[in-house]
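Reading through the structure tokens given below for one structure.
The values are calculated or read from the model by the stated rules, or taken from the named source; none is laboratory data. A quick note: this is a predicted structure, and the numbers were derived from the prediction, not measured. Please note: Cβ atoms are built from the backbone with ideal geometry, for glycine as well, and neighbour counts cover all protein chains shown.
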Amino acid sequence: MKDLLDQIHTALGGSPDRGNVATYIPELAKVDPGHFGIAVATVDGQVFTAGHADVLFSIQSVSKVFALALALGKVGDALWKRVGREPSGLSFNSLLLLERENGIPRNPFINAGALVATDTYLGESSPREALGQLLRFIRSAADDDTIHINDEVAASEVATCHRNRALAHYLASFGNLHAEVEKVIGTYSHQCAVEMNCRQLALAGRFLINGPGMPRLISSERRRRMAALMMTCGHYDGSGDFAFRAGLPGKSGVGGGILAFAPGRASIAVWSPGLNEYGNSKLGTEAIELLVRETGWSVF
Ligand code: DON
């Protein structure tokens with residue numbers, strides 16, 4: 001596996017065609033697009049890495065996987081009264097369907113649906129308590145107490161996220177946001193600002209693998225359902241393309257990270273900050289495609 005990751009790193013790490021770094025969150029615009037890291041945590045307890053696998057990055061929307069697990073842990077299937085389970089076919093921050101669909105976001109991975117998930121795990125508690133819960137979940141999944149939130153990235157998003165505020169107010173107008181808008185925005189922006197490196201993220205993803213010795217933080221049924229949502233909605237309007245190329249459930253973030261997993265086999269984290277036209281890591285997608293081609297890990 002180490003040789004394969006080195007080959008992938010050699011094939012892609014120096015690619016001139018890396019996509020564009022996200023600039024709408026000012027702190028993310030500062031990230032060097034030259035980074036490329038990959039890590040694979042296998043079901044037998046090993047971790048393999050290549051490239052910049054120990055450099056921290058902003059996990060951004062990858063956090064929506066952990067947020068969904070927390071929200072489901074809190075209210076169970078009642079969450080599905082407030083958010084759907086269908087791909088949206090639109091960009092991650094689109095406002096378009098919310099009006100037509102009465103304030104019920106299509107799925108928990110687009111921003112509108114993720115704001116509902118955050119509102120759900122926030123409940124009546126303070127943002128500090130809720131974020132503490134989120135960090136505890138991630139830290140126990142990764143078995144690493146050093147994982148933290150980057151406050152500068154969070155502040156940068158809170159100061160500029162007019163679109164997410166618009167989405168949150170719009171959800172509130174339909175009665176589908178229960179806490180104060182600013183509380184939800186603050187919690188959500190801090191959730192997105194969790195920092196990890198590829199090694200930590202691959203370890204954190206092991207709770208999705210299903211194998212002996214893997215952290216069991218959610219039930220098998222919930223794990224299967226989350227996998228289905230990651231496959232169908234985890235890459236927004238690029239989800240079909242990711243399924244076609246990688247054949248694995250995955251979740252991308254605008255910081256350039258992707259968490260994917262091969263059920264029963266491995267958890268995979270890649271990071272390259274340049275994004276493709278869907279806002280998903282360009283080289284990250286290519287790296288997972290190569291990995292799956294060589295390992296035969298596609299679920300299809
Ligand atoms: O809410 C936002 O816009 C960001 N905090 C997260 C978006 C994101 O990561 C989309 N993923 N590709």
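Considering the conditions (1) in contact (Cβ under 8 Å) with a residue 24 or more places away in the chain; (2) within 28 Å of residue 151 (Cα to Cα), residue 8 is excluded by exactly one of them, (2). Checked against (1) of a type in the set (Gly, Ala, Ser); (2) in contact with a Lys or Arg (Cβ under 9 Å, 6 or more places away or on another chain); (3) under 17 Å from residue 45 (Cβ atoms), residue 256 passes all but condition (3).
For first residues located in region 254-265 and at positive phi, partners that are within 16 Å of the ligand (Cβ to nearest atom) and lie 6+ apart or on another chain with Cβ distances below 6 Å form the pairs 256/271; 256/272; 256/273; 256/281.
The requirement of being surrounded by fewer than 21 Cβ atoms within 10 Å (Cβ to Cβ) and over 22 Å from residue 276 (Cβ atoms) is fulfilled nowhere in region 105-122; no residue meets it.
Residue-by-condition table, conditions (1) in contact (Cβ under 8 Å) with a residue 12 or more places away in the chain; (2) within 21 Å of residue 255 (Cα to Cα):
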| position | (1), (2) |
| --- | --- |
| 65 | yes, yes |
| 76 | no, no |
| 92 | yes, yes |
| 96 | no, no |
| 99 | yes, no |
| 102 | yes, no |
| 129 | no, no |
| 145 | no, no |
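With the requirement that a residue be over 16 Å from residue 92 (Cβ atoms) and among the polar types (S, T, N, Q), what does region 251-300 give you? Once the filter is applied, which keeps residues that are over 16 Å from residue 92 (Cβ atoms) and among the polar types (S, T, N, Q), region 251-300 yields 267, 272, 295, 298. Restricting region 262-294 to residues that are of a type in the set (A, V, I, L, M) and closer than 23 Å to residue 32 by Cα leaves a set whose member that is nearest to the ligand (Cβ to nearest atom) is 275. Screening region 157-214 for residues that are small (Gly, Ala, Ser) and within 15 Å of the ligand (Cβ to nearest atom) and picking the one that is surrounded by the fewest Cβ atoms within 10 Å (Cβ to Cβ) gives 159.
Filtering region 61-78 to residues that are of a type outside the set (Gly, Ala, Ser) and more than 23 Å from residue 139 (Cβ to Cβ) leaves only 77.
Inside region 161-212, residues that are part of a helix (DSSP H, G or I) and touching a helix residue (DSSP H, G or I) at 6+ places or on another chain (Cβ under 8 Å) make up a count of 28.
Pairing each residue of region 48-60 that is outside the structural domain of residue 118 (by TED's automatic domain parsing) with any residue that is modelled with pLDDT under 95 and in a loop (DSSP other than H, G, I, E, B), provided the two are 6+ apart or on different chains, yields C-beta distances under 7 Å for 51/13. Where strands (runs of 3 or more DSSP E) fall entirely within region 224-300, none has at least 3 residues that are in contact with a Phe, Trp or Tyr (Cβ under 6 Å, 6 or more places away or on another chain) and surrounded by 22 or more Cβ atoms within 10 Å (Cβ to Cβ).
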